[in-house]
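Data block below; observations after.
The values are calculated or read from the model by the stated rules, or taken from the named source; none is laboratory data. Since we're looking at a predicted model, the values are computed, not measured. Quick reminder, even Gly has a Cβ in these numbers, built from the backbone with ideal geometry, and neighbours come from all protein chains shown.
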Amino acid sequence: MGDVPVTAADRRGSVASPNSSRGLASSADDVPGTPPPLGSMPTTASASYADRSALLTSFDRFASAVTRWAGSPVAFSAALVLILVWAALGPVFRYSEDWQLVINTGTTIVTFLMVFLIQQSQNKDSVALHLKLNELLASSKQASNRMIGIEELDEQDLREVASFYVGLAERAKSAGAQKEAHSIDDEGMPTHVAGKA
């Protein structure tokens, strides 16, 4: 069959395909070889997420390099020096509207572009974190595999799942020193959420 890694969840036979476990309709993301719309970020639940795109790979590398540099002491020092030079030139330009326009335009453009670069880096970090958590859930015998990919639920469904854990915390407080392991599989996920998770 090849060198496909097998997780503990695969050995237990409890992992279904990402969309079938949620009851979601199939989309173009589920069809092998069908690329997502140009420049879009497919969800981690789709097969196309694993496909490589030269455009997205290049943008990701660029965004990572820029955000790493922008968060460095060198970048902060350069920005501080730029602001000090601009402020020092104020009397030369008699604090004119053109003098103010230079800093306003410059900072607006940099801020606007940095939003997209930082968001790309955050998206990648979020996906990596979700994949790591998914592996921990899949490899733990006591954890519910239905929690894998739960980030795809809407906010109301997440609130209902969270209420389960609030109740679990209350039970743990009342149990005192007695430790018990519980899973959402033991207690049951809310029924309308269970079909999506």
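Kindly establish whether residue 135 is acidic (Asp, Glu) and either touching a Phe, Trp or Tyr at 6+ places or on another chain (Cβ under 7 Å) or over 30 Å from residue 64 (Cβ atoms) (or both).
When the stated conditions are applied, residue 135 does not pass them.
Considering each residue of segment 151-197, count those that are part of a loop (DSSP other than H, G, I, E, B), modelled with pLDDT under 85 and exposed (fewer than 10 other Cβ atoms within 10 Å of the Cβ), and give that number.
7
Looking at this structure, is residue 86 surrounded by 13 or more Cβ atoms within 10 Å (Cβ to Cβ), modelled with pLDDT of 85 or more and either in the same structural domain as residue 125 (by TED's automatic domain parsing) or closer than 20 Å to residue 130 by Cβ (or both)?
Here the answer is yes, as residue 86 does meet what is asked.
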